[in-house]
Amino acid sequence: MADLTAASEPRGPKPRRSLSPTNIMLYGTLLLVSVYYLLPLYVMIVTSLKGMPEIRLGNVFSPPVEVTFEPWVKAWAEACTGINCEGLSRGFWNSVAILIPSVFVSISVASVSGYALANWRFKGSETFLPS
Amino acid sequence: MADTARKPNGLTRNLTAKIASVPMIATALVIFIGCTAWTIYHSFTRSRLLPAPDKWVGLDQYERLWNTRRWLVSIENLAIYGICSLILSLVIGFTLAALLDRKIRGENVFRTIFLYPFALSFIVTGLAWQWILNPDFGIQSVVQGWGWESFAFDPLNNREIAIYGILIAGIWQGSGFVMVLMLAGLRGIDEEIWKAARVDGIPTWKTYIFVIIPMMRPVFVTALVIIASGIIKVYDLVVAQTSGGPGIATEVPAKYVIEKMFQSQNLGQGFAASTMMLLSVLVVLIPWAYLEFGGKRRG
């Protein structure tokens, strides 16, 4: 398996090299790209753990000095949207209520249609199943 | 559909399959075609609110549409965002997939990191990106804090480049999914191909460009269609980051449609815009579908 990376290396029973230039390049690139992908998540989590005065200090990347989970509790159960003060929990249960029938209905319709398309190749069936 | 005429055995052949396909065909006809027709019809009227039939005005709405500067800016933005996003997503997605396919350690971790943005709501992540790109407390202030005082990175407040600021977040969100598609494609490549390439002494990068990528054509086509449909629909990203601003510098067509329909209560104009969007999709899609599926017959 590992010999793919060693395509240009001499053959032989040499053990797996973990610090070859290729590997440093490979992992370096991946780690660098990971920073780009993780940055917003880091900002979100770090900010969520700060208190309001600390957020107003204005550096989104600095880790929280004083970790507080109070915003999480507030967002879940107390925050107000319009006249409802139930926070995210209400929206979450709404999502669940939509999720269950939509999964159920789409799977049942799609499986029936899939059966039809598998057994009956009519002219124009590719319009419905374009690949 | 033209089913019975073609089959020698007539209506009863494959009867269960025909019955089973009724919901699908009904959905397609009523929801897709029916609603599209309804929309197109109303784009020729001056309807303003929902129970809608109003006076037929012909192409007036379209004339107004193409004389609106905001729409023209939207189209231009969509073109810039679309072309950049398409190219960058494909390049980044394929490169990441190729890197991950080099039998590295911790592949699952990296794959999760690259893919998770796809599972998050744009409204939330758009806000996080807005902070990061904000000159007062984002990257610019941090780099300036390190001592590089003249460093300027303020994409979202500059009319000229605001759309590229949105592009940064768009790529962040979309490329992971492309990466997964590409990775699946790469895994489908026969190991023998690699062995043959090595025996012939072809460098790895050449193998990728001249052998692997042509073999992965179907995957590229799938990725292309998915990215393109995502680009046309882009709306929440813009709303979360700039709400179309500064001024109208980052307007996109989908936002124009929504605002005309639900804020200006100008249904006809919104439908005219959405019909133009549909038309532009079709102009791209029909020649492609013709080339892709026109020639071959499937069993």
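Quick note: the coordinates plus some simple rules give every number you see, no bench work behind them. It should be emphasised that the depicted structure is a prediction, and the values quoted were computed from it without experimental measurement. FYI the Cβ positions are ideal-geometry reconstructions off the backbone, even for glycines, and counts take in every protein chain you see.
Computed from point charges on the beta carbon alone (+1 for Lys and Arg, -1 for Asp and Glu), the dipole magnitude for chain B about its Cα centre is near 1180 Debye. Averaged over peptide B:109-116, the number of partner chain Cβ atoms lying within 10 Å of each residue's Cβ comes to 4. Counting Cβ atoms of other protein chains within 10 Å of each residue's Cβ and taking the mean over peptide A:29-39 gives 5. Spin-label pair B:Arg105-B:Asp154: with each label point 7 Å from Cα along the Cα-Cβ axis, the two points sit 4.5 nm from one another. Dipole orientation for chain B: of the candidates B:Ala98, B:Thr242, B:Ser264, B:Ala98 has the Cα lying most toward the positive pole (charges on Cβ; Lys, Arg +1; Asp, Glu -1).
Amide H contacts under 5 Å for B:Thr45: B:Val57, restricted to partners 5 or more places along the chain or on a different chain, H placed in the peptide plane at 1.01 Å from N. The value of relative contact order for chain B, using C-alpha pairs under 8 Å at least six residues apart, is 28 percent.
By the helix-only formula, in which each DSSP H run with n ≥ 4 contributes -39500 (n - 2.57) and the sum is divided by residues, chain B has a 222 nm mean residue ellipticity of -19500 deg cm²/dmol. What distance in nm lies between label points placed 7 Å from Cα along the C-beta direction at B:Asp136 and B:Ile25? Going from the B:Asp136 label point to the B:Ile25 one covers 6.1 nm. Working from Cα pairs under 8 Å separated by at least six residues, relative contact order for the stretch B:32-107 is 15 percent. Toward the positive end of the charge dipole of the stretch A:28-120, with +1 on the Cβ of Lys and Arg and -1 on the Cβ of Asp and Glu, the farthest Cα among A:Ala118, A:Ala97, A:Trp72 is that of A:Ala118.
In terms of packing, defined here as the mean over residues of other Cβ atoms within 10 angstrom, the peptides B:65-71, B:130-136, B:189-195 line up highest first as B:130-136, B:65-71, B:189-195. Whole-Hz Karplus values for the stretch B:103-109 come out as 6, 8, 7, x, 4, 4, 4 Hz, taken residue by residue from phi with 6.51 cos²θ - 1.76 cosθ + 1.60 and θ = phi - 60°; glycine and proline positions read x. The peptide list A:91-101, B:148-158, put in order of mean Cβ contacts within 10 Å with the highest first, becomes B:148-158, A:91-101. Only one residue of B:Ile232, B:Pro253, B:Gly185 has its Cα farthest out toward the positive end of the dipole of chain B, where Lys and Arg carry +1 and Asp and Glu -1 on Cβ, and that residue is B:Gly185. Globularity index of the protein assembly as shown is 1.19 (Cα radius of gyration / 2.2 N^0.38 Å, N = number of residues). Lysine pair count for the stretch B:64-293 with Cα-Cα distance under 16 Å and sequence separation of 8 or more or different chains is 4.
If you place +1 on the Cβ of every Lys and Arg and -1 on the Cβ of every Asp and Glu, how big does the dipole about the Cα centre of the protein assembly as shown come out, in debye to the nearest 20? Let's see the in-between values first.
Numbers: 36 positive and 27 negative charges, 322 e Å.
Computed about the Cα centre, the dipole is about 1540 debye.
For the stretch B:219-242, backbone nitrogen atoms closer than 16 Å to the point 7 Å from B:Cys35 Cα along Cα-to-C-beta are found at B:233.
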